[in-house]
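Asks: Dropping the structure in here first, questions after.
The values are calculated or read from the model by the stated rules, or taken from the named source; none is laboratory data. Every value quoted in this text rests on a predicted model; they were computed, and no experiment measured them. So basically every Cβ, Gly included, is an ideal-geometry build from the backbone, and we count neighbours across all protein chains shown. Heads up: the accessible areas ignore ligands, DNA and RNA and are worked out on the full protein's heavy atoms, side chains in. Shrake-Rupley method; radii C 1.70, N 1.55, O 1.52, S 1.80 Å.
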Amino acid sequence: GRKAGPDSVVVTSARMTYDAIRYEVRDGVAHLTLHRPDDANAINDVMAADLLAAATEIGVDPTVRAVLLSGSGPRFSAGGDVKRFSEMLGGDLPDLMHGMLPSLHRAITMLTRGKAPVICAVTGVAAGAGLGLVCASDLVVSSESTKFVMAYTNIGLTPDGSSSWFLPRIVGVKRALELTLTNRVLTAAEALDLGIVTSVVPDDEVHDAAAALATTIAAGPTLAFATARRLMHTSLEDTLETHLAREADGIIEAARTNDAHEGITAFVEKRPPNFTGT
């Protein structure tokens, strides 16, 4: 693993040590936790590298059937580390971003394109790239008090962390532009209405609710979930004919899996299926 900084909390997984996240796999769920609680889990170059390393682990670990993404402390993520950005003004800031963004963006791509659905537990605030991580997640459980904001243009920057790709797909281009140009802060209820989050629960129930959801998803037909996710993400870019061909290929491939055999048999026998993710 990489060497930790002097103030780091190092958490060891099966293959790596991490400085700015916590990572552990339990019962088919990869628990991926942003871990800079004293800095609102702001994303810096170390966290970006950690996220890429964890996403890589998830991609090669056959036991992972769902990902639970959360943040340490009261806030999910305030986005980019603006304090660090301020230290780099005067010429070095573009180089810092040029170094960290490939890792962050590759991590998001791997989590989005991978087989394991991503469930996000969001509390406190999701701003900037933190909002991007929320939007990139498949299912999002939010606390009632969480606030959501794009924030980038407030400091003269532009969206990153997938926020400008996912947000228009979720809320539409006009609404995405409004949220980006005005930086209007959304309540959890508003985020639910817009489809940014999928459920809102009392503040003290977020992590339990998200963990229960992740456990349920991890017990599902993992390969079918993976294909369904890919179909949804490509649907807005394909022609109808291309997408119908993708659907046909997907369901034919799914029909070969053990989970399809089990699911169909369980349906006919009127019993709950016992999926194995194969």
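Asks: List the residues whose amide H sits under 5 Å from the amide H of THR146, counting only those 5 or more places along or on another chain, with H placed 1.01 Å from N in the peptide plane.
Replies: Sorted by chain and number, the residues that satisfy this are GLY124, ALA188.
Asks: Something else now. Pull up the cross-link candidates among the aspartates and glutamates for LYS115, meaning alpha carbon to alpha carbon under 13 Å and not fewer than 8 places away within one chain.
Replies: GLU57, ASP61, ASP138
Asks: Let me ask another. In square nanometres, what is one fourth of the surface area of the convex hull spanned by the alpha carbons of the range 77-235?
Replies: Details: hull surface 38.2 nm².
Mean shadow area of the hull around the Cα atoms is 9.6 nm².
Asks: Given the Cα atoms of the range 184-254, and with Rh set as the inverse mean 1/r over their pairs in the Kirkwood sense, what is Rg to Rh to two decimals?
Replies: Values: Rg = 16.6 Å, Rh = 14.9 Å.
So for the range 184-254, dividing Rg by the Kirkwood Rh gives 1.11.
Asks: Can you send over the carbon and sulfur percentage of the accessible area for the chain, probe radius 1.4 Å, protein chains only?
Replies: That fraction is 59 percent.
Asks: Largest first, please: the extent of the C-alpha atoms of the range 72-161 along each principal axis, to the nearest Å.
Replies: Principal axes ranked by extent give 40, 31, 22 Å for the Cα atoms.
Asks: So, one more: What order do you get for 87-96, 43-52, 199-208 when each peptide is scored by the mean count of other beta carbon atoms within 10 Å, highest first?
Replies: On the way: 87-96: 10.9, 43-52: 23.5, 199-208: 14.9.
In descending order of packing, they fall as 43-52, 199-208, 87-96.
Asks: Between ASP38 and VAL173, what FRET efficiency follows from the Cβ-Cβ distance if R0 is 51 Å, with the result rounded to 0.05? Display every interim value, and only then the final one.
Replies: Working: r = 37 Å, r/R0 = 0.72.
Between ASP38 and VAL173 the formula returns 0.85.
Asks: Taking the Cα-to-Cβ direction at LEU157 and at THR109 and moving 7 Å from each Cα, how far apart do the two end points lie in nm?
Replies: 2.1 nm
Asks: Rank by packing, highest mean first: peptides 187-195, 170-178, 67-75, 131-139, with packing defined as the count of other Cβ atoms within 10 Å averaged across residues.
Replies: Numbers: 187-195: 16.3, 170-178: 14.4, 67-75: 21.9, 131-139: 25.4.
Averaged packing, sorted descending, gives the order 131-139, 67-75, 187-195, 170-178.
Asks: Excluding ligands and nucleic acids, what accessible area in Å² is computed for THR239 using a 1.4 Å probe, to the nearest 10?
Replies: Around 80 Å² of this residue is reachable by solvent.
Asks: Excluding residues on the same chain fewer than 8 positions from LYS83, give the aspartates and glutamates whose Cα lies under 20 Å from its Cα.
Replies: In chain and number order, the partners are ASP7, ASP19, ASP38, ASP39, ASP45, ASP50, ASP92, ASP95, ASP160.
Asks: Moving to a separate point now. Relative to the present Cα-Cα distance, how much length would full extension add between ARG246 and ARG271 at 0.36 nm per residue of separation?
Replies: Values: separation 25, 0.36 × 25 = 9.00 nm, distance 3.05 nm.
Extra length from ARG246 to ARG271 when fully extended: 6.0 nm.
Asks: May I ask you to evaluate 6.51 cos²θ - 1.76 cosθ + 1.60, the Karplus curve with θ = phi - 60°, for each residue of the range 70-81 and list the ³J(HN,Hα) values in order in whole Hz, giving x for glycine and proline?
Replies: 8, x, 6, x, x, 10, 5, 5, 7, x, x, 7
Asks: So, one more: How large is ³J(HN,Hα) for each residue in the range 190-204, as worked out from phi by the Karplus curve 6.51 cos²θ - 1.76 cosθ + 1.60 (θ = phi - 60°), to whole Hz, x for Gly and Pro?
Replies: Result, ordered by residue: 5, 4, 5, 4, 7, x, 6, 10, 9, 7, 10, 10, x, 3, 7 Hz.
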